Amino acid sequence: MTRLYFLCFVVAVVMAAFFVGQSVGNLRCRERIAVDNINNNETVMQKIGGINAETYHTGTDDIRRILREQYTIAD
């Protein structure tokens, strides 16, 4: 009878280790995906910042404003 209890205990420990390992793996995967998303967002923001800086330094925003003021649909 003690062998049966010992076998049940071993099976329970193995199953618990499996489920704990599975949950730890899921958490690590979510963490990795979150870090990748943050890095992608930072890259996009840097590109947008570079594009906006280039636009403001070339004066195209001023050209657009002047053209809107001088010409309308009626003209």
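Read-outs throughout are calculated quantities, based only on the coordinates presented, and are distinct from any laboratory measurement. Just so you know, these numbers come straight off a predicted model, no measurement behind them.
When the chain is fully extended, how far beyond the present Cα-Cα distance does R3 get from A16, taking 0.36 nm per residue of separation? Don't jump to the answer; show the numbers that get you there.
On the way: separation 13, 0.36 × 13 = 4.68 nm, distance 1.98 nm.
Taking R3 through A16 to full extension adds about 2.7 nm, to one decimal.
Suppose the chain between A53 and N26 were pulled fully straight at 0.36 nm per residue; how much longer would it get relative to their current alpha carbon spacing?
Values: separation 27, 0.36 × 27 = 9.72 nm, distance 4.05 nm.
Gain in length upon complete extension: 5.7 nm.
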